[in-house]
């Protein structure tokens, strides 16, 4: 499987898109991380301002994490964790990233349905993304050794497990895009950005969104390859 040219045919478009998306994220963040916002608000300042505006002050805590690009909202602990380059910098890029993560905190607070679904899928997605490969490979090996239906069954169980990871990627898209839309609205409605700064923060958000699209495409391509491979082997066995 690892040397099957067909595998690379399935995966190449998604991988190319991921490379382009990562390059765009890097270039956009680097550009706007060097542009200071006019109010000289650090990421931590922006986070507290937006949390206060949404009635989440004292409910959601703001912490600095030492992990680069580790910005995220932890719904289980109601903590907004910001990387050093975002927490302490008064850049336009920081404003966009922080507003996005606050968008997730607002989603959690109002019970945004897709976010709840994504949270429920996390355990299945983690298991599926790991064991899906294992079951597919094991099933193919068993089939190659014995030509038995048992091998096919194990392989299809692997496909089913991997489908949970694909579903997680699909549900992630509306969650992330909604958080970015909330971010744009919050930055403008709270008077934190000028028109020029809004454009810069929006560019950072748009670039980051592409990485989620790329992840979804990779998961779909992987699943399609598994299904195509097993169906092809089924036809050849007849």
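Measure of size requested: the Rg and Dmax of the chain, with Cα atoms as the atom set and Å as the unit; please supply both.
Using the Cα atoms of the chain, the pair Rg, Dmax is 21.4, 70 Å.
Pick from 103, 128, 151: which is most flexible by mean-square fluctuation in a GNM of the chain where alpha carbon atoms under 10 Å apart are linked?
151
Find the relative contact order for the range 133-238 and round it to a whole percent, using C-alpha pairs within less than 8 Å whose residues are 6+ positions apart.
28 percent
Relative to the longest principal Cα axis of the chain, at what angle does helix 43-53 sit, 0 to 90 degrees, rounded to 10?
80 degrees
Relative to the longest principal axis of the C-alpha atoms of the chain, give the angle of the C-alpha long axis of helix 195-237, reported between 0 and 90° and rounded to the nearest 10°.
Helix 195-237 sits at roughly 10 degrees to that axis.
Compare 136, 62, 227 in a GNM of the chain, Cα atoms joined below 10 Å, and give the one with the largest fluctuation.
227
On average, how much area does the Cα convex hull of the range 165-238 cover when viewed from any direction, in nm²?
On the way: hull surface 21.9 nm².
Averaged projected hull area, Cα only: 5.5 nm².
Taking only DSSP H segments of four or more residues, each worth -39500 (n - 2.57), what value at 222 nm results for the chain once the sum is divided by all its residues, to the nearest 500 deg cm²/dmol? Intermediate results must be reported in sequence, preceding the final value.
Working: 7 runs with 181 residues, N = 238.
That comes out to -27000 deg cm²/dmol.
With only alpha-carbon atoms counted, please give the Rg and Dmax of the range 81-200, in Å.
My reading of the Cα-based Rg and Dmax gives 21.1, 68 Å.
Test of understanding: ordering 167, 160 by Cβ neighbours within 10 Å, fewest first, what list do you get? Intermediate results must be reported in sequence, preceding the final value.
Details: 167 18, 160 12.
Going from least to most buried by this count: 160, 167.
With angles folded into 0 to 90 degrees, how steeply does helix 113-146 sit against the dominant principal axis of the chain? Use alpha carbons for both and round to 10.
That helix lies at roughly 30 degrees to the long axis.
For the range 60-122 and the range 124-203, compute the distance between their C-alpha centroids and round to whole Å.
19 Å
Read-outs: derived from the displayed coordinates by stated rules, not from any lab. These numbers were taken from a predicted model, which means no experiment stands behind them. Glycine gets a Cβ as well: all are built from the backbone with ideal geometry, and neighbour counts include every protein chain shown.
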